[in-house]
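S.K.: For reference, the structure I am asking about is given below.
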Amino acid sequence: MQKKVAELTAWLNEYFHRDEKWYKKFLACRGGSAQRLLDLLQDLLDLSLTEQPRLLNALRRLSSTSKLHPRCFPLPHLSNKVHVAGGTFSDVYVASLHDQWIAVKEMRVFDSMEVEIFQEAFSKEAITWRQLSHPNVLPFYGLFKDSSRLCLVSPWMEHGHIRKFLRTQPAACAMDKILSLILDVALGLEYLHKRGVIHADLKSDNILVTPALKACIADFGLSSVKTTMSSLPNFRSVPHGTGALHYQAPELYDNKSTDFRSDIYSFGCVMYELMAGDHPFSKLRPGALICAVIQGCRPVCPPPGCHLEIRTLSAAWRLVEACWAQSPEERPTAAQIVVLLKGNEIGAQETKSAWHWNDTSTSRFRRQLDGRWCLPSVSKLRTLVLGNDWHLVENLDVGNGPVAC
């Protein structure tokens, strides 16, 4: 299998690098040909043992020009589906598939037109999310349709979100565990920002706890999708709390766009919540909260009774204040936050574990669904991309591989 993956990857890399004219021909593919190429590119990215930036860029560009995305996963044998949570934009279920527990987030879109609008809005984010792999970032397995509603699939995290997890811990939750969870979030955010990914909705509800008791970030890239969904004529919301307001940077109330710096503000709010046991301004109504944030007001430092030593609390609090600075330019980067958390004053330690997902997690999940992989030979791929013009491209015979399925 890896030999075939290497042959197909080598041919495509050479093809994309060779001539802009042939690359434009690839981007001009439409309909069934474009769909097969998108599916193949995603398969190769799932199976490749190394990063393939050229293939990923080709996948993004073809998805954009063709208005398609890698096909939704069919989920046969989905069983024991149980509703566990509901929000404004989705309902969350836990279900079993091939003896594996998965989380199924069912988006609140109801007719075929809305599903198409959502798929187009989410396709870019979905492609990006699928390629990410980090111990502190929740893997994304893909999209599928359940009846007429679109669902997002990811691993099921039994411990739930980080706030729920801490509620189940002893009252005097160890200082080092709180700091480790904060560092986990910072490491995940550093990874996302290095990849150019803005979370745009970082809050405790979107930070889950893995079986290894690591914190991992979920639901990044969905803010633009939620904006799209809010404009749908049939959109129905359910009453819910205003928790997101407690993590929103002041500049966003001035119609500024989210960026890395607004993520940092949200991280500071999450850090405060883990230290104090409640989100910032928890007693204020939404209008008063917004006014307070815009005017530069912030919560006071929690007392030493929050289970952090005074010296550590002082250093951690300085970091919180830096993260939610009124001016975005004064906030540290995620990489700087990681350095400060690991420094002598705070001394946060990474959660050590022999278990976490890795680059093969998604491909292992795909094998469970598909049973086997069905990749074309290089000659079949060449015909698919070039059609009758394949003979015009010389010296691209990297290898013909096995006969196509």
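S.K.: Scan the stretch 15-32 and give yes if some residue there is touching a residue at least 60 places away in the same chain (Cβ under 8 Å), in a helix (DSSP H, G or I) and surrounded by fewer than 17 Cβ atoms within 10 Å (Cβ to Cβ), otherwise no.
M.R.: yes
S.K.: Sticking with this one: Within the stretch 290-405, which helices (runs of 4 or more DSSP H) (wholly inside it) include 1 or more residues that are farther than 30 Å from residue 249 by Cα, of a type outside the set (Asp, Glu) and at pLDDT 75 or above?
M.R.: Values: elements: 310-323, 334-342, 361-370, 378-386.
So the answer is 378-386.
S.K.: So which of 62, 37 is closer than 21 Å to residue 376 by Cα, crowded, with 16+ Cβ neighbours inside 10 Å, touching a residue at least 40 places away in the same chain (Cβ under 8 Å) and not polar (S, T, N, Q)? It would help to see each step written out before you state the result.
M.R.: Working: 62 fails: touching a residue at least 40 places away in the same chain (Cβ under 8 Å).
Within the list 62, 37, the selection yields 37.
S.K.: Which residues, counting only those in the stretch 154-199, are in a helix (DSSP H, G or I), crowded, with 18+ Cβ neighbours inside 10 Å and without any contact (Cβ under 8 Å) to a residue 60 or more places away in the chain?
M.R.: Across the stretch 154-199, the qualifying residues are 165, 188, 191.
S.K.: Can you tell me how many residues in the stretch 282-314 are closer than 21 Å to residue 166 by Cβ and buried (at least 16 other Cβ atoms within 10 Å of the Cβ)?
M.R.: 8
The values are calculated or read from the model by the stated rules, or taken from the named source; none is laboratory data. Bear in mind that the values here come from a model prediction, so they are computed numbers and not experimental data. Methodologically, a virtual Cβ is constructed for each residue, glycine included, from the backbone with ideal geometry; neighbour enumeration extends over all protein chains shown.
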